[in-house]
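The values are calculated or read from the model by the stated rules, or taken from the named source; none is laboratory data. Quick caveat, the model's predicted, so the values are computed rather than measured. Note that each Cβ is placed from the backbone with ideal geometry, even for glycine, and that neighbours are counted across all protein chains shown.
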Ligand code: ADP
Ligand code: MG
């Protein structure tokens, strides 16, 4: 019997990886916004057309890339963010897998323009289905613009699987919220089909929440702030009377990264016990800071799950802190739900 195993060509491997990283246009938005944050941008503009199906474009004023780096950035496992396996357990950046751009370039038409502070002329590179179509010198602003067009153009099954424009737009806005909330000191704009959706100036977290969710949110916020040796908790919970049936404004950030955690959600919900009506969910914007060495982020390709060394202690601390804040703001322990 002859040997039958072969290594997959790069563009096939990229397409497989893309299936994990890029589920929908919102995944592209997340990856590009996070790259802009990692590039130390202070201003980030997101432009979306047709719910991201035709165009997702992110422009940042960050550190930019040299022409060689620009080309390399589309290779798989190409990253400037980690060097060794140990670095995986001491992460200070959003990215580290070096897979996003390679994945996106495997399933879309991508144009990248970039320039570092070191040069006057930048570079423009076009990639389609993992193949570099062109690269030339071009005069561009310092920073980076990446345009991702016609997502899934070469995977009709994936493209057909996308939901309606309102649904895909909702996912994009969710990702935008998550990054914008995690980085209030960065200015963000978003336009969709030429109309302004968000224009968020550089600010603090309270102001950022209000800018996103409206002026009325301000009076709903109860500040949370406590610190132990293993975790620092800050941010806000919404007053119990604003708990809602639908799950809405619930955000956990760990070291400025949005994460999903049913376990920590439970800690917060249980702190609200007796204060909110059964079947309603309290809102919160909670920021946890822990030693990067005490968490593992490399659990899932989208990096929205995290493993804590000391999960139980963080649960207990979070619950106590939220309870404490609710108590301090003298929120009545029993509400008359019949009113
Ligand atoms: P990762 O973020 O995990 O490193 P990506 O595929 O997202 O992987 O990006 C690959 C590399 O391209 C990054 O490590 C970074 O060096 C560079 N890069 C990507 N986006 C930008 C950007 N907006 N500005 C500067 N460099 C970038
Ligand atoms: Mg990245």
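Quick rundown of the values:
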quantity: Boolean, residue 214 is buried (at least 19 other Cβ atoms within 10 Å of the Cβ) and at positive phi; calculated: no
quantity: From 195, 225, 246, residue being surrounded by fewer than 16 Cβ atoms within 10 Å (Cβ to Cβ), outside the structural domain of residue 36 (by TED's automatic domain parsing) and out of contact with any helix residue (DSSP H, G or I) (no Cβ under 9 Å at 6 or more places or on another chain); calculated: 246
quantity: Given (1) within 12 Å of ligand 1 (Cβ to nearest atom); (2) buried (at least 22 other Cβ atoms within 10 Å of the Cβ); (3) more than 23 Å from residue 141 (Cβ to Cβ), index of the condition residue 51 fails; calculated: (1)
quantity: For residue 285: the one exception among (1) farther than 26 Å from residue 31 by Cβ; (2) under 18 Å from the mean Cα position of the chain (by Cα); calculated: (1)
quantity: Evaluation of residue 82 against (1) in contact with a helix residue (DSSP H, G or I) (Cβ under 6 Å, 6 or more places away or on another chain); (2) more than 17 Å from residue 24 (Cβ to Cβ); (3) within 12 Å of ligand 2 (Cβ to nearest atom) (one fails), failing number; calculated: (1)
quantity: Condition met for residue 84 (more than 8 Å from ligand 1 (Cβ to nearest atom), loosely packed, with under 14 Cβ neighbours inside 10 Å, within 20 Å of residue 132 (Cβ to Cβ) and at pLDDT 90 or above); calculated: no
quantity: Test result for residue 130, surrounded by 19 or more Cβ atoms within 10 Å (Cβ to Cβ), assigned by TED's automatic domain parsing to the domain that holds residue 31 and either within 19 Å of the chain's Cα centre (by Cα) or more than 16 Å from ligand 2 (Cβ to nearest atom) (or both); calculated: yes
quantity: Boolean, residue 74 is more than 15 Å from ligand 2 (Cβ to nearest atom) and in contact with a helix residue (DSSP H, G or I) (Cβ under 6 Å, 6 or more places away or on another chain); calculated: no
